[in-house]
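A short write-up of the structure that comes next.
The values are calculated or read from the model by the stated rules, or taken from the named source; none is laboratory data. What you are looking at is a predicted structure, and each value in this text was computed from that prediction instead of being measured. Cβ placement follows ideal geometry from the backbone for every residue including glycine, while neighbour counts extend to all protein chains displayed.
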Ligand SMILES: *Cc1c(COP(=O)(O)O)cnc(C)c1O
């Protein structure tokens, strides 16, 4: 059996090696390292894939989030509601811009932000909601868009983990993740579902005016060379990364299909295990049915009984199987984001999930033998 890795990027590279290496050579010969033709071509191709009017490439997913908030003109003191159970980048940029982060609890099955908790947290100062499409599936965008409309709020989708996922609305309409709110951010960090070979990110929007504003902000607030109309940042995708992304984008659906196939095999193996909760989706399906493309499994995350979780992590590691705990500490308990207004009773789910979650190896190169080995280790350990 091949050595099991948490993420395995080598296999994907082998498949696109010729194309990537030849693009790299062209770029190196042309010296068009920044904002070269590859960046523009990738932007157009991603707009086509997503069905969104504007893609604005930038340096990474954290910048993308920050630039979204700058572009919307959020001001110090404005409250921004986001999930307590996520990667810190989301809350970090809110705090950096001197906006007020308001963390709220998540839902038990999807791990995504809970619309009831959002509504409870809305005040006259609330300006935006940042749903994070955690682990690869959309948050409850029907409820979130309804709330935003009712309270006149912006919705910024953090789509770093959800690229390629499709959301099906209650009325049957479908949209790609990241094209539903007013604006969205994504990351092309190497281990993301669409990853480059360094840092990269992008912003998506259907709003022409906002897109124009954002294009200036990523480039020092310049709309005309050396005329700085707004305070901007320097955040660019470089040509080499764009070349990698151009090679991978046509394969993104196949990559996500492979992740779903691995998730399906995992979930089927755990079916009769009553002490494991497998991932489910907002639509109530398991995210792995043959027609379903609502979940792209950036992570495959189980819930197990909290007293067994850490021992299971150890057991897997002892047997050569890497795994992850995403995320071990609720954001509202992180030193940087403590706020005396928070009440522990409002974070019941997050407080429980941080003790129960375990993410198993998930990437496009997992084979059946490896998945069988991993599931057997988990089941034997829990039944011991
Ligand atoms: C990875 C990630 C980010 C940040 O992306 P970078 O490109 O690493 O800056 C933001 N939000 C979420 C949910 C992520 O998973």
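Exactly one residue out of 158, 199 is touching a helix residue (DSSP H, G or I) at 6+ places or on another chain (Cβ under 8 Å), within 12 Å of the ligand (Cβ to nearest atom) and under 16 Å from residue 144 (Cα atoms): that is 158. Residue 70 passes every criterion in (1) under 20 Å from residue 176 (Cα atoms); (2) touching a residue at least 60 places away in the same chain (Cβ under 8 Å); (3) out of contact with any strand residue (DSSP E or B) (no Cβ under 9 Å at 6 or more places or on another chain) apart from (1). Based on what the data block shows, is residue 361 touching a helix residue (DSSP H, G or I) at 6+ places or on another chain (Cβ under 7 Å) and exposed (fewer than 13 other Cβ atoms within 10 Å of the Cβ)? Criteria not met by residue 361.
Among the residues of the range 75-91, those that are under 15 Å from the mean Cα position of the chain (by Cα) and outside any strand (DSSP E or B) comprise 84, 85, 86, 87, 88, 89, 90, 91.
Would you check if residue 132 is closer than 16 Å to residue 354 by Cα and either surrounded by fewer than 24 Cβ atoms within 10 Å (Cβ to Cβ) or touching a helix residue (DSSP H, G or I) at 6+ places or on another chain (Cβ under 7 Å) (or both)? No; evaluated as a whole, the condition is false for this residue. Scanning the range 93-105 for residues that are surrounded by fewer than 24 Cβ atoms within 10 Å (Cβ to Cβ) and touching a residue at least 40 places away in the same chain (Cβ under 8 Å) gives 95, 101.
If you go through the range 122-142 and keep only what is without any contact (Cβ under 8 Å) to a residue 60 or more places away in the chain and assigned to a loop (DSSP other than H, G, I, E, B), you end up with 122, 123, 124, 125, 131, 133. Please work out if residue 88 is at pLDDT 95 or above, surrounded by fewer than 24 Cβ atoms within 10 Å (Cβ to Cβ) and within 16 Å of the ligand (Cβ to nearest atom). The answer is yes for residue 88.
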